[in-house]
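Please read the structure below before turning to the comments.
Throughout, read-outs are computed from the coordinates displayed, never taken from laboratory work. What you see is a predicted model, and the numbers here were worked out from it, not measured in a lab. Positions of Cβ are generated from backbone atoms using ideal geometry, with glycine treated the same way; all protein chains shown enter the neighbour counts.
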Amino acid sequence: MIFSFDLLFEAVLFGILLGCFYAAVSIGLSVSFGLLDVPHVAHPALMIFGSYCAYIVAGWGLDPILAGVVLMPVFFVLGVLIYRFYYETFERRGSDAGVRGLAFFFGLAFIIEVGLILGFGVDQRTVQAPYIGSSWAIGDYRIPYRMLVAFGVALVLTAALTVYLSKTFTGRAIKAVAQDEPALRLMGANPVRIKQWAFGIATGVSALAGAMVIIVGPVEPAMDRLYIGRTFCVVVLAGLGSMTGTLAAGLILGISESIVLMMLGASWAPAVAFGLLLVVLGIRPQGLFGR
Amino acid sequence: MTYWISALVFLTAAFAAAISGINEYVFYAGYIVLTFVVLSTAWNILGGYAGYVNFGTGAFFGLGSYSAVVLFKALEAPLIVQIIAGAAIGAALGFAVGIMTLRLRGIFFAIATVAILFIMETLMVNWRYVGGATGLQLLRPEVMAPFGSYTRMLFVVMALLSVIAVSIARYIQVGWIGRGLRAIRDSEEAAECSGVPTLKLKLFACVISGALMGAAGAPMPMYLSFIEPASSFSLNWGVSALAMPMIGGTGHWIGPVIGALLLGSIQQIVTVTISNEINVLVVGVLLVLFVVLAPDGVVGLFRKWARRSSR
């Protein structure tokens, strides 16, 4: 084990970029699970599905990020449909919805994963773009442009969602649904329509997140399993539904993973997110910025 | 009484088949189906009766396999010792998971079990003694007298284990423990207020469930003559162990058995004739279909049909 402050500084720098990326891939889950209480374990699988869609669209000559943006409305509709289905079959029936809802999303995740394996095989896929592969040298440090791009998109996405949820009418309605659904019903609003809209947004955002995943590195169908740990770690650590908290939690995870990667090596890295998740669940399940 | 007679008949038939001249492949496939009977029955004790969804069946199963391998490599321990050790380690992990239920419910509990699964896998990947990420080849010991091959013997062992598992699940279901667990599933607060010792019961369910999963995992390395972390700790064990009770019906002990026999056999046929990926797809699709269309599984469908025909 080699230790030096130079290496540590590099690890932290890389961790910050990685952390913003983790925040961006988790922000959809922060809405769907954090605000709407949907046990959405299929979120990472949908995101990887988004990566493959971005791969196809980028194959037509489009920039991967643009491909993600183009896919957002499609995924929005997909999300609305999924929520509608979930609501009709589980939430409305009430009792014992917990176990079955979980089983439903778990099964959905596997169907998506195997669908991707059947469609694309188990090989890794990558996309081409001018900013992928090259890096920016500052002094002795080299920062890959792909991480910078992901960093930028992540910041924009987080900022946009934060503003949307706190400043616009619909955004506030989504927060209201999260806080007190019966009260909203008494005011004459339809909580199901608002939740449907919010779930659509969460799924739409995961298309862009998926595009970022394939920009940051090669994608394979079974990758969603690792991202279960990362996304849920960030959302729980953030405190359910807190957007700024998501950014902070993403940074914590990114920096810790990057430091572990440097000190102990890649074989220990997958345990970081899951370990952190267990610690948070054990000590402070309401998260850092919990409501 | 009929239960014990049919259990005895089943065991005798399994034993008789194993020493007869039936094709080796039957036992090779049957072993896996019986493993699923144990796993889904074990899952149902916690997930079906008490309503705590465990995605991390692979953690218990894999840990059972690895404790068997460590004992075998260090002491050349016989199979029975390996299984007992696997059960003990599984029970210990179950106890730890049981303590988590103090604070975590629903999806939080489920996600925590996934976390345990991946942490266990990472630990084994980094443990050189058991072969790390590449795994370990194992040399099977000599097979005992009446059996023609090691696989046949393992088949009978797993048949015995599945009878033990189902008997335990049945005992729990019909007694006061089962009533307490069902009360926890319906409303934990109400159960606690009415004097149900919720923590004790949850710990009991976790320990039993974990022990059975660990025991089911212990003979696996000998069956494959090989062990590696990725398949031992796969999330696929979790989805199967969850899907089988859901498909069979979670309320009754026969549910997981039906689900495991049904889905396990389909999986074996699909794996042979089509591919391994399709078999996971079948599990996922059937799980979603049953959860949506027949929430009480095959047992529920059967009850509905019986009620309609009696009217």
Work out from phi, with θ = phi - 60° and the Karplus expression 6.51 cos²θ - 1.76 cosθ + 1.60, the ³J(HN,Hα) of each residue of the range A:183-191, listed in order in whole Hz, and give x for Gly and Pro.
4, 5, 5, 5, 6, x, 8, 9, x
Whose amide H sits under 5 Å from the amide H of A:Y141, counting only residues 5 or more places off or on another chain, with H placed in the peptide plane?
none
Averaged over all directions, how much area does the convex hull of the C-alpha atoms of the range B:97-226 cover when projected, in nm²?
10.3
If you plug each phi of the range A:130-140 into the Karplus form 6.51 cos²θ - 1.76 cosθ + 1.60 with θ = phi - 60°, what whole-Hz ³J(HN,Hα) values come out, in order, with x for Gly and Pro?
x, 8, 9, x, 9, 9, 9, 9, 10, x, 8
Given the range A:150-190 reduced to its alpha-carbon atoms as identical point scatterers, what log10 I(q)/I(0) does the Debye formula return at q = 0.28, 0.29, 0.31 Å⁻¹?
-0.87, -0.90, -0.95
Across all Cα atoms of the range A:224-274, Rg and the largest Cα-Cα distance (Dmax), in Å, are 11.1, 33
Per the charge dipole of the protein assembly as shown (beta-carbon charges, Lys/Arg positive, Asp/Glu negative, Cα centre), the residue among B:Q268, A:F76, B:V291 reaching farthest to the positive end is B:V291
Average beta-carbon neighbours from other chains, 10 Å sphere, peptide B:229-239
2
Would you list, by chain and number, the lysines whose Cα falls below 18 Å from the Cα of B:K73, excluding same-chain residues fewer than 8 positions away?
none
Integer Hz, Karplus 6.51/-1.76/1.60 couplings in order for the range B:228-245, x for Gly and Pro:
8, x, 4, 7, 5, 9, 5, 5, 4, 4, x, 5, 5, 5, 7, 5, 5, x
Students often check this: by mean Cβ neighbours within 10 Å, which of B:264-270, A:209-215 ranks highest, and how do the rest follow?
A:209-215, B:264-270
Using unit Cβ charges (K, R positive; D, E negative) and no other charged atoms, how large, in debye to the nearest 20, is the dipole of the range B:2-310 about its Cα centre?
640
At 0.890 mPa s and 25 °C, Stokes diffusion of the range B:2-310 via Kirkwood alpha-carbon radius, µm² per second:
125
Using the Cα centre of the range B:160-311 as the reference point, and only Cβ charges (+1 on K/R, -1 on D/E), how large is the resulting charge dipole? Debye, rounded to the nearest 20.
720
How crowded by other chains is A:109-119, given as the mean number of beta carbons from other chains within 10 Å of each beta carbon?
5
Sorted on mean Cβ neighbours within 10 Å (highest first), peptides A:32-38, A:216-222 come out as A:32-38, A:216-222
Bins of 20 Å, starting at 0 and running to the largest distance - Cα pair percent for the protein assembly as shown
20, 52, 25, 3, 0
Looking at the P(r) of the range A:6-96, how many percent of alpha-carbon pairs lie beyond 17 Å?
62
Note to self, the protein assembly as shown gives a 222 nm [θ] from helices alone (DSSP H runs n ≥ 4, -39500 (n - 2.57) apiece, / all residues, nearest 500) of -24500 deg cm²/dmol
What order do you get for A:9-22, A:224-237 when each peptide is scored by the mean count of other beta carbon atoms within 10 Å, highest first?
A:224-237, A:9-22
1/(1 + (r/R0)^6) with r = Cβ-Cβ of A:A183 and A:M263, R0 = 45 Å, i.e. FRET efficiency to nearest 0.05, evaluates to 0.35
Residues meeting the amide H criterion for B:R140 (H placed from the backbone, H to H distance under 5 Å, 5 or more places apart or on another chain) are none
Where only alpha carbons of the range B:246-311 are counted, the Rg and the Dmax (Å):
13.3, 45
Write down, largest first, the equivalent ellipsoid semi-axes of the range A:27-223 in whole Å, where each equals the square root of 5 times an eigenvalue of the alpha-carbon gyration tensor.
33, 21, 13
Would you mind checking which residues have amide H under 5 Å from A:S135's amide H? H placed 1.01 Å from N; only 5 or more apart, or other chain.
A:Y145
For A:V122 and B:V9, FRET efficiency with R0 = 30 Å and r from the beta-carbon atoms, rounded to 0.05?
0.10
For peptide B:277-290, compute the average count of partner chain beta-carbon atoms within 10 Å of each residue's beta-carbon.
5
